[in-house]
Amino acid sequence: MKPRSARHSLIALLGARRFGPLFLTQFLGAFNDNLYKNALLILLAFQASSWTTLAPEVLANLAAGIFILPFFVFSATAGQLADKFDKAFLARLSKVLEIVIMGVAMAGFFIHSLAVLLAALFLLGLQSTLFGPVKYAILPQHLHADELVGGNALVESGTFVAILLGTIVGGLLAGLGEHPGWIALGGFVVALAGYVASLGIPVAPPPQPGLRINPNPLTETWRNIGYACQHRTVFLSMLGISWFWLYGALLLTQIPVFGKSILGGSEATVTLLLAVFTVGIGLGSLLCDRISGKHLEIGLIPFGAIGLSVFGLDLSLASPVALPASAPLSVPELLQAFTTWRVLFDLLAIGLFGGFYIVPLYVLVQMRSDLAHRARIIAANNILNALFMVVGALGAAALLGQGVLIPALFALAALANALVALFICGRVSDDFLRFIAGILAHAMYRIDKLGLENIPEKGPAVLICNHVSFVDAIILLGVVRRPIRFVIDHRIYGAPLARFIFRAARTIPITTAKESEQRKEAAFAQIAEALAAGELIGLFPEGRINSDGHLNRFRYGVQRIVAETPVPVIPMALRGLWGSFFGWRYGLAMSRPWLIRLRRRIAVVAGEAVAPERADPDYLQGVVAALCDSVD
């Protein structure tokens, strides 16, 4: 974690010309999208009878689908344009289009035509479709690799802060029932400001200026998805992003009617609900940069997915079963009820975990995509996003049309997301467990990390460490930025409650030759296979937790491992854990509660790599003893 320098680097990034103008352009674009879209949704939710005969909840989902439809139809073309032309030029072009669209919306309000207003909404979706590949494909061109997490966090948090502000302003403008034309006028001013901001975006040369544009969106869509499918991680990340937008859009689309018909609030209530959700997204996105320390933290993805389900389900359970008798209620009146606070907390938490979930997925797509096809892959991602959101909107409209209540719809979405979370946990179980270990380790201890740069970022290695407590493996997992496959005694591996976790962490159980020669050899074969695949193996060469504060004699396992698969050995030491609640200094471990001391300061130290030919037990024991520095 980088508590001070990370914040400073984000501020510096905002002030840099290679990022600041792009950030402001996309911020104003997201603000304008939501000013118009949410003002229109609130207007139709509370004044539907003056515009149409359709039910408000059906109309809300229809409008959401209309806004998303251009992403599905035109994203393939937008991706081609972003790979063929300068992205800064395309950003400015999209802003000009936005100005024209606001003129169309103004005409729709003037002639009181819902068809024209929905046409403007469709065109606004088209403009966002053009800008989408530009926004994400330009980041790897202008940012360094260690800035991508922070850049994406700022884009996501900025987008949702813009959504918050656009929602508030849109709600205020929608409240001017007799003068709804102010909505389009406000949008026109914001679009003009966005164009001015786009003039500062630096040139972003296209990777394929000779690309021939395929005018057929169907065949080009299929081709773009094919580019993404060439890398399984990229494609699965795109599916994860698309699912998030289905889930989030489904929840957000129901908020106007939920605020009015379930909570019994007014237009201000709807604005409050949307504001709380978007603040959560912004906080979650910014926390991603702080938690990950400028590195891609895949463990945040399943963590975020689980949170989305837990708090989505609680949102359903927290919803009132009956409309208050004195509805509509003002915001202060609503806040007198505990139920309202629970709903607000759930929306904040859904947004927070949504930020944890979405930022690493976007970084994965950007980092793992081929440069020549990056914009088209991002376009393919937008296509999938649109497809998922359109299907979600249609499905929600169908369920609501059949009489399903909005709280029940929230519950169904949360349960479906739980299945997605289980799938993700299965795909990245190593990273998820490492991330959870990091949370536990840093919650229990203040950890000084010394020499961890000696652990290679890629490639195989064997990590060895002194063994002083039952939480040693958790602490090492929590501070090392790569998954570690620990080798442990088969009796510990077979413990009833722990076996599931050990399996998920792909721990390797080992026995002595005396117990089972066959199982011992199978363990060494697994270790060799893991190292050949470029993984980290973790060992405690003492074989057991020490009980006197001194290193037990190192065993010969490490020497055999590196003799069969020559890889570097990274000596490590844990300091400060001797005498803790989880150790043996005062007798049976974990039997003396008075030894529990949260936030105890400990240290994890990594020494320089030892060449495999020097990895005999006595030499390694001396190196680890020196790292321990006799502190314990």
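The values are calculated or read from the model by the stated rules, or taken from the named source; none is laboratory data. Computed from a prediction, not measured in an experiment: that's the story for all the values here. Methodologically, a virtual Cβ is constructed for each residue, glycine included, from the backbone with ideal geometry; neighbour enumeration extends over all protein chains shown.
Things worth noting here:
- A single member of Gly392, Gly351 is in contact (Cβ under 8 Å) with a residue 40 or more places away in the chain, crowded, with 24+ Cβ neighbours inside 10 Å and in contact with a Phe, Trp or Tyr (Cβ under 7 Å, 6 or more places away or on another chain), and it is Gly351.
- Some residue of segment 520-537 being at pLDDT below 85 and surrounded by fewer than 19 Cβ atoms within 10 Å (Cβ to Cβ): no
- Matching entry among Val404, Val428 (being loosely packed, with under 15 Cβ neighbours inside 10 Å and closer than 30 Å to Thr253 by Cβ): Val404
- Scanning segment 419-439 for residues that are closer than 16 Å to Leu574 by Cα and aliphatic (A, V, I, L, M) gives a single hit, Ala437.
- Residue within segment 316-334 that is under 13 Å from the mean Cα position of the chain (by Cα) and surrounded by fewer than 23 Cβ atoms within 10 Å (Cβ to Cβ) present: no
- Selection within segment 407-432 - more than 21 Å from Ser242 (Cβ to Cβ) and touching a Leu at 6+ places or on another chain (Cβ under 7 Å): Ala411
- Residue tally, condition among the aliphatic types (A, V, I, L, M) and within 22 Å of Phe410 (Cβ to Cβ), over segment 269-300: 9
- Any hit, segment 17-32, residues being at pLDDT 80 or above, out of contact with any Gly (no Cβ under 9 Å at 6 or more places or on another chain) and surrounded by 17 or more Cβ atoms within 10 Å (Cβ to Cβ): yes
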